[in-house]
Structures are given as structure tokens and as C-alpha cells.
Amino acid sequence: MQLRHAILGLLDIAPQSGYDLGRAFAGSVAHFWHADQSQIYRTIDRLEADGVVATELIVQTGRPDRRVHALTDAGRAELHAWLRSPVESPMPKEPFLARLFFAEPLGVEGVLALLDERAEAIRAEREQLAGIPRVTQGLGAVLRTATLDAGLRGADAELSWLADVRDAVAEELT
């Protein structure tokens with residue numbers, strides 16, 4: 001998946017400004033796709049240049065003009081082609097696991113601190129996910145709820161795994 005596909009998918013739900021897309025990432029897909037605001041704006045520019053997004057300038061009084069982006073027919077066709085294409089193999093990059101793999105020089109106390117830091121981050125992430133409102137009607141709602149549940153279950157599984165690793169590492173103190 002590329003960022004462009006995530007943006008096309010969000011624009012398929014509703015036309016949005018770049019700012020709105022940033023908020024949509026933070027409040028809906030952040031548990032499986034991260035994008036910062038500058039990446040979103042750069043990608044929107046490319047999508048517009050490629051003719052898959054059309055932008056409407058909405059003049060506002062007392063505030064900056066608003067640029068609202070919507071899919072073109074070509075954009076909808078690209079989104080549908082991507083949705084029908086074979087599922088990509090995951091290419092994992094897990095900075096925490098890399099750090100844990102090499103953490104022996106930290107000693108037991110340092111590794112326990114690293115595990116505790118990660119657990120706290122996962123608890124915070126889980127709390128954020130739990131606060132995302134659930135849409136309740138239609139196929140889109142079922143699918144968005146399924147991805148949210150995947151994020152919540154993943155957080156729960158990682159917290160359980162972290163507790164197990166913490167116990168195993170703590171045994172090294174005895």
C-alpha cells in the first residue's frame with residue numbers, strides 16, 4: 001500500500017481538505033497507516049497532477065481559503081484497481097523489536113525499563129483507539145469496525161506478550 005491509496009480511500013468516503021485528511025488519519029486509520037501533514041499535502045499535489053483528484057477552492061471570509069479535494073473518475077478507477085489487486089506481502093519494520101533484539105548491553109534493569117516504556121506506549125495507543133467512534137450502519141461501518149478491532153486486539157496481544165517477556169527478563173535478576 002502507498003499513502004496515495006489511503007488518501008484515495010479516505011476521499012472516496014467524502015471530499016476533504018488536506019487538514020481534514022490529517023484529522024481523518026489520526027482518528028480512523030492511524031493504527032495501520034501513519035502519515036504526517038506534510039506527506040499528505042505532497043501526496044495530494046501528486047494526485048492532483050496525476051488527474052486522480054480534483055480540487056475546489058472555497059473562498060472563506062476572515063479565514064484562509066479552503067481547498068477541498070475529491071476523487072475524479074480516474075481516481076475512483078485507480079482506487080478500485082488497487083482494491084482488486086493481489087494483497088501485498090507485509091514488509092515489517094519494527095523499531096521496538098530491533099531495539100529489544102540488541103538490548104542485552106542495557107542489562108536486566110535497562111531491558112525492564114525498555115519493556116515498561118513500550119507497554120506504556122501501547123496502553124496509550126490502545127486508549128486512543130478505544131476512543132475512536134464506531135460507525136454502526138452499512139458495509140463500510142462493518143469494515144472500519146473490523147480494522148479498529150484489529151488494532152485493539154493487536155494492542156492487547158502485545159501487552160500480554162510484553163508482560164510475558166518482562167517476567168522472563170525479571171527471572172534473570174534471581
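The values are calculated or read from the model by the stated rules, or taken from the named source; none is laboratory data. Predicted model, so just to flag it, every value in this text is computed and none were measured. Cβ coordinates were reconstructed from backbone atoms using ideal geometry, including for glycine residues, and neighbour counts include every protein chain displayed. The area values use the complete protein model at the heavy-atom level, side chains included, leaving out ligands, DNA and RNA. Shrake-Rupley method; radii C 1.70, N 1.55, O 1.52, S 1.80 Å.
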Task: FRET efficiency estimate (nearest 0.05) - Cβ-Cβ, Lys93 to Ala170, R0 30 angstrom - done: 0.60
TODO: Let me see the pair-distance distribution of the range 1-83: every alpha carbon pair, 5 Å bin width, integer percents in order.
DONE: 3, 16, 28, 26, 17, 7, 3, 1, 0
Open item on the list: Normalised by the empirical 2.2 N^0.38 Å for globular proteins, what value does the Cα Rg of the range 115-174 take?
Closed with: 1.48
Open item on the list: Loop only by DSSP, 14 or fewer other Cβ within 10 Å of the Cβ. Give me the trypsin sites (Lys or Arg not before Pro) in the range 66-151 that pass, ordered by residue number.
Closed with: Lys93, Arg134
Open item on the list: Please give the Cα centre distance for the range 119-139 versus the range 1-72, rounded to the nearest Å.
Closed with: 22
Open item on the list: Could you sort Phe32, Phe96 by their accessible area in this structure, using a 1.4 Å probe and putting the largest first?
Closed with: Phe32, Phe96
Task: Distance in nm between pseudo-label sites at Gln2 and Glu117 (7 Å out along the Cβ direction from Cα) - done: 3.5
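I'd like the FRET efficiency for Glu104 and Ala124, computed as 1/(1 + (r/R0)^6) with the beta carbon distance as r and R0 of 30 Å, rounded to 0.05.
On the way: r = 27 Å, r/R0 = 0.90.
Given R0 = 30 Å and the Cβ-Cβ separation, E is 0.65.
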Task: Kirkwood-Stokes translational diffusion coefficient of the range 29-137, alpha-carbon pairs, 25 °C, 0.890 mPa s, µm²/s - done: 132
Open item on the list: Could you work out the relative contact order of the range 1-157? I mean the mean sequence separation of Cα pairs under 8 Å and 6+ apart, divided by the number of residues, in percent.
Closed with: 21
Open item on the list: For the range 1-89, which GluC sites (Glu not before Pro) pass both filters: DSSP loop (anything but H, G, I, E, B) and at most 14 other C-beta atoms within 10 Å?
Closed with: Glu88
Open item on the list: Please list, in order, the residues from the range 1-28 whose amide nitrogen is less than 16 Å from a point placed 7 Å along the Cα→Cβ vector of Arg63.
Closed with: 16-24
Open item on the list: Please report, ordered by residue number, every helix of the chain (full DSSP H runs) that is 24 Å or longer along its axis going by C-alpha atoms and whose mean Kyte-Doolittle hydropathy reaches -0.5.
Closed with: 107-130, 138-170
